[in-house]
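First comes the structure, then the notes that go with it.
Nothing in this text is a laboratory measurement; each read-out follows from the coordinates by a stated rule. This one's a predicted model, so the numbers in the text were calculated from it and none came from an experiment. Cβ: placed from backbone, ideal geometry, glycine included. Neighbour counts: every protein chain shown.
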Amino acid sequence: MLVITSRRTVFQGARRTLSVPHARIAAVTCYRDGIRLDENRPSAQKYLLVDDAEVTAAILLHAARKRRIEIRPAAPRRAASPGLSA
């Protein structure tokens with residue numbers, strides 16, 4: 001069973017359970033029959049077989065992007081100084 005929440009992706013299998021917080025996902029690679037999650041730390045790749053890899057990847061990426069915005073909000077823009085031109 002694969003569950004994508006607003007904070008993490010969890011895969012619960014017969015032998016193992018994998019949990020990856022969205023803040024640690026560095027990349028998502030889509031294959032014909034599954035997806036690969038690359039975490040921020042080296043050699044931390046997880047392969048998941050899913051029925052519809054494109055839809056799964058789209059949902060996961062949307063959730064991960066929203067989570068990153070929550071954790072690291074955009075820095076406020078500074079107003080341009082009055083004597084400087086662009």
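As a length-normalised measure over Cα pairs under 8 Å and 6 or more apart, the relative contact order of the stretch 2-71 settles at 30 percent. Counting only Cα atoms, the stretch 6-74 measures 37, 23, 20 Å along its principal axes, largest extent leading.
Based on other C-beta atoms within 10 Å, arrange His62, His22 from fewest to most. Listed from fewest to most nearby Cβ atoms, that is His62, His22. Note on Tyr31, Tyr47: ascending count of other Cβ atoms within 10 Å places them as Tyr47, Tyr31, the fewest first. Restricting the calculation to Cα atoms, every distinct pair contributes to the Kirkwood radius of the stretch 33-73, found to be 11.3 Å.
Footprinting exposure proxy ranking of Ser6, Ser19, fewest other C-beta atoms within 10 angstrom first, gives Ser6, Ser19.
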